[in-house]
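Below is one structure, written out as structure tokens, with a few remarks after it.
Any read-out appearing in this document is the output of simple, stated calculations on the displayed coordinates, not a laboratory observation. In this text, all values refer to a predicted model and were calculated from it rather than measured experimentally. Cβ atoms come from the backbone with ideal geometry, glycine included; neighbour counts cover every protein chain shown.
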Amino acid sequence: MAASTANVESITALLDNYLSKVGFEVYPLKVGWYNSLLPSTLRLAHPDDCLAVVVLSTPALFEQAFLPFMEERGCQGLSDPIDQCVKRCVSSAVSQCFPGQEVDVRYDYELLPSRKPKFLAQTAAHVSGAAYYYQQSDVKDQPWAEKKMFGVCVHPRFGGWFAIRALLVFGGVTVGSEWCSLLLLTVCHPERAGFSCWRPSTIAGRTGATETSSARSRSTLRNKKTTLQLLLLSGLLC
Ligand code: B12
């Protein structure tokens with residue numbers, strides 16, 4: 001199915017409507033944006049113009065999904081309860097919203113036979129505009145010398161208090177280029193797109209679900225730099 005901008009919005013809105021009630025946020029991206037940053041061993045085997053959606057959990061997940069899940073499921077024989085809870089929410093959203101549709105669902109904790117992650121959550125979150133992925137190369141003064149530093153995604157509203165849970169790839173949905181340009185411009189050159197500060201979800205012209213996310217994300221992260229320094233420091237201590 002070739003999708004127009006409206007289709008992308010309606011797919012995102014359907015998912016957002018379902019998942020936002022249980023503590024998730026959803027952000028669309030094009031597979032090509034993700035693949036273009038990665039070596040072939042880590043790329044998704046889907047065409048570049050395929051629609052994908054990254055799913056984040058927010059602090060609200062705990063009360064809206066996790067406690068009811070635990071009450072219903074109980075602790076007996078349950079390993080990785082948060083992962084199981086996320087899996088149940090996401091898989092039921094997909095089957096209810098897109099019955100019979102081809103959707104490749106990948107969770108952050110899943111590995112390929114090569115032992116590489118099934119998707120790089122931070123790169124996906126960054127290219128979708130959900131969060132900003134600060135990497136080692138973003139820091140000019142690197143006091144840790146040769147030591148390897150892991151990067152961190154910072155969410156404009158939740159800072160570090162969120163997780164990147166899943167990537168859904170809509171194999172049958174291809175996205176036109178008109179939808180991409182504004183999003184890319186916003187992520188790469190926020191000032192040219194009219195944003196004085198980087199605010200991923202305030203992308204103009206996106207309605208429905210993304211408007212909901214937009215409202216949620218309106219408060220910008222004032223102490224972004226301090227948070228980054230703290231998170232990098234905690235990486236040093238690990
Ligand atoms: C393996 C893994 C670990 C390993 C190794 C860490 C690592 N980063 O490699 C271990 C077990 C140590 C670990 C620990 C933790 N982890 Co961890 N981990 C992962 C996991 C499963 C895969 C990460 C991975 O292998 N990356 C591979 C490397 C090579 O990727 P990369 O460094 O990003 O490099 C790529 C990019 O640079 C990209 N690229 C190139 N150019 C460009 C340009 C741009 C603009 C962009 C965007 C990308 C890009 O190409 C590179 C690959 O070729 C992810 C979940 C997932 N599925 O992604 C969570 C994840 C990274 N972990 C997470 C967390 C929270 C943690 C812990 C804090 C958990 C804890 N409570 O202790 C600790 C922190 C450790 C630390 N010191 O930072 C979160 C981070 C969330 C965030 N806000 O960023 C993730 C995303 C899980 C999640 N569900 O949210 N983790």
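Assuming a ≥ b ≥ c are the square roots of the Cα gyration tensor eigenvalues, decide whether region 96-156 counts as rounded (a/c under 1.5), prolate (otherwise, with a/b larger than b/c) or oblate. Cα axes put region 96-156 in the oblate bin. For the pair Glu63 and Ser91, label points projected 7 Å from Cα toward Cβ lie 2.9 nm apart. Were the residues from Phe150 through Leu37 laid out at 0.36 nm apart, the gain over their Cα-Cα distance would be 39.0 nm. Neighbour counts of other Cβ atoms within 10 Å put Phe158, Phe24, Phe150 in the fewest-to-most order Phe150, Phe158, Phe24.
Percentage of Cα-Cα pair distances in region 1-102 greater than 22 Å, rounded to whole percent? Beyond 22 Å sits 42 percent of the P(r) for region 1-102. Classified by the C-alpha gyration tensor, region 31-166 has an oblate form. Its axis ratio a/c, with a ≥ b ≥ c, is 1.5 or above, and a/b does not exceed b/c.
Each residue of region 107-119 was assigned a 3J(HN,Hα) from its phi angle through the Karplus expression (A = 6.51, B = -1.76, C = 1.60, θ = phi - 60°), giving 9, 4, 8, 8, 10, 7, x, 6, 6, 7, x, 5, 7 Hz with x at Gly and Pro.
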